[in-house]
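The values are calculated or read from the model by the stated rules, or taken from the named source; none is laboratory data. Just so we're clear, the structure is a prediction, and the values are computed from it rather than from any experiment. When we count neighbours, we look across all protein chains shown, and the Cβ atoms used for this are built from the backbone with ideal geometry, even at glycine. Please note that ligands, DNA and RNA were not included when accessible areas were found on the heavy atoms of the full protein model with its side chains. Shrake-Rupley method; radii C 1.70, N 1.55, O 1.52, S 1.80 Å.
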Amino acid sequence: MLLIDGNTKIYGIVADPIAQVRTPQAMNEVMANRGSGAVFVPFHVRAGDLPTFVAGLKTWRNLPGFTLTTPHKESTLALCDRLGPMAKISGSVNAVRKTSDGAWEGETFDGLGFVAGLKSQSLDPAGASIYIQGAGGAAKAIVAALADAGAARIAVANRSEKKALALVDQINAAYPGKCILGSACDVSTADIVVNGTSLGLRDSDPLPIDVEKLKPGQVAADVIMMPDTTSFLRAAEANGCRIHRGIHMLRGQVEEIADFLGF
Ligand code: NDP
């Protein structure tokens, strides 16, 4: 059993809602395997309280860093003093660490995790045509990493098309000609179709993508981890698609986040 004493370091994940997160389980396992003696806990923080919360954390001498999920990945960007390369390209942050001079440094590992998760299941995005629904924090990082991994074309659709357009422009600035708007493309022509939204967390959520258009041979991937198999994945599988669960994306990034946060 872990001994918690006055030297214990605290890390955590900031989210709202919080009940669905699987990061504490994954990170405490990594910490135990590494013998770090630290603990990783959930922080339930509403969007409007984030600036106060993050400013307060700077004063916690025994809190070297934290991770973030919905709805905080984009708003945290402005709260960081420095940004890593993928955070700059994608405009999203999912891990923040305190540097030796007391600054907050943010980076995102979501895209790297998604690509590593695909590869762990023998799915290589290099040369593939991708269709992704979503332009929030997770989707931004995924699109940037897919472009970096050599995807042939990435079509981005989002409820707010203005955000999809901004993401397409942002990624094309770094990877010219890679991205198009989802509305300019037929979802049935993509090799890999991704739900990058928060739709699927609740049973009452509508499907994020029109699964009737999906065909056998396509891969349907989800970022949602809870439930393990979302209604989108179940419907896509019923249409003959190969499915790829959200847990692979988390598993694909925990070790890199642990290195970044210094467990
Ligand atoms: P954000 O809040 O940044 O983005 C949410 C996205 O979902 C936006 O594209 C938003 O569209 C869309 N959306 C939300 N509600 C609706 C709706 N009713 N109809 C249509 N679109 C909707 O969240 P994140 O990007 O940070 O996280 C998204 C999900 O990814 C979360 O559920 C999280 O659990 C999961 N996740 C999984 C990880 C893993 O390792 N598997 C890692 C990180 C996140 P709009 O812009 O129009 O509001």
Where nothing but the Cβ of Lys and Arg (+1) and of Asp and Glu (-1) is charged, how large is the charge dipole of the stretch 111-249 around its Cα centre, in debye to the nearest 20? 160
Average projection area in nm² (convex hull over Cα atoms of the chain, one quarter of hull surface): 13.9
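Using the structure shown, select from Lys88/Lys178; Lys73/Lys213; Lys119/Lys162; Lys178/Lys215 the pairs with a Cα to Cα distance greater than 28 angstrom.
The pairs that break the limit, which is 28 Å between Cα atoms, are Lys73/Lys213; Lys119/Lys162.
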Rounded to the nearest percent, how much of the accessible area of the stretch 111-249 (1.4 Å probe, protein heavy atoms only) is carbon and sulfur? 51
If you plug each phi of the stretch 176-190 into the Karplus form 6.51 cos²θ - 1.76 cosθ + 1.60 with θ = phi - 60°, what whole-Hz ³J(HN,Hα) values come out, in order, with x for Gly and Pro? x, x, 6, 10, 9, 6, x, 5, 9, 8, 8, 4, 6, 9, 7
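State the antiparallel share, in %, of DSSP beta bridges confined to the stretch 74-223, rounding to the nearest 5.
20
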Once R0 is set to 25 Å, what does the formula 1/(1 + (r/R0)^6) return for the Cβ-Cβ distance between Arg242 and Gln25, expressed as a FRET efficiency to the nearest 0.05? 0.40
Considering the options Asn94, Thr52, Gly84, tell which one lies farthest towards the positive end of the dipole of the chain, charges being +1 on Lys and Arg and -1 on Asp and Glu at the Cβ, about the Cα centre. Thr52
Net dipole in debye of the chain [+1 Lys, Arg Cβ; -1 Asp, Glu Cβ; about Cα centre; nearest 20]: 180
Relative contact order (%) - the stretch 111-249, alpha-carbon pairs under 8 angstrom, separation at least six: 23
Out of all DSSP beta bridges in the chain, what portion is antiparallel? Express it as a percent rounded to 5. 20
At 1.4 Å probe size, put Lys162, Lys88, Lys215 in order of accessible surface, largest to smallest. Lys162, Lys88, Lys215
Which cross-chain or sequence-distant (5 or more) residues have an amide H under 5 Å from the amide H of Thr8, H modelled 1.01 Å from N in plane? none
Quick check for you: with a 1.4 Å probe and neighbouring chains kept, what is the accessible area per residue of the chain, in Å²? 44
